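The values are calculated or read from the model by the stated rules, or taken from the named source; none is laboratory data. Predicted model, so just to flag it, every value in this text is computed and none were measured. So basically every Cβ, Gly included, is an ideal-geometry build from the backbone, and we count neighbours across all protein chains shown. Heavy atoms of the whole protein, side chains included, go into the accessibility calculation; ligands, DNA and RNA do not. Shrake-Rupley method; radii C 1.70, N 1.55, O 1.52, S 1.80 Å.
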Amino acid sequence: MSSPVRGLVAALALLLLSGTITALRAQSLADVAKKEEERRKSLKESGKTYTNSDLHSVPPATATAASPAEPPKPATPTPDTDKDKKEAAKDKGPAKDKAYWSVRMKELQAQLDRDQTYADALQSRINQLTTDFVGRDDPAQRAVIGRDKQKAIDELNRLKQSIVSDKKAISDLEDEARRAGVPPGWLRS
């Protein structure tokens, strides 16, 4: 074989291999997307429903203010309120200490990071498919690439909504911690 023919054969082999690699990469991304969707479906919702009994009671406001000379009188607990406090303590579940808040924040942040990383990967995939689409002349190949690109765009849009809900969950946790009087450092560690 002559040198130009060898070069042409090598170029064709390289083109064939790059097409195979692209197809394999597309398949693995689709597999990853399916596995992630199955994993999310298998997660149990761990949200808690709050009722008025979960909230701390606030003493009613008095119409007359105490005079500055006399200090306010502390309320004397009645036997009924002691029982209510004990029952409320039983209903609270695990102690909400530093580890509790830290773990919850880390879980939410990890989910957000996963979703953002996956969204970045999907955006790269969409960019690659766009380049492949423009570079193809065969209508059949363009149709397949266009269909794959649309699937990736739909998944990216779904993922963007998930990222928004992840950020809202983090914000809600921060608000819940603030209302509970949790020091801000507990959420950062």
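Pick from the stretch 89-133 the residues that are basic (K, R) and over 30 Å from V32 (Cα atoms): which of them is modelled with the lowest pLDDT? Ranking the qualifying residues of the stretch 89-133, first place goes to K90. Identify, please: which residue in the stretch 118-166 is open to solvent by 80 Å² or more (accessible area, probe 1.4 Å) and closer than 30 Å to M105 by Cα and is, among those, farthest from the chain's Cα centre (by Cα)? Only one residue tops the list, namely D154. For the stretch 24-60, residues that are modelled with pLDDT under 70, surrounded by 10 or more Cβ atoms within 10 Å (Cβ to Cβ) and more than 30 Å from V103 (Cβ to Cβ) total 4.
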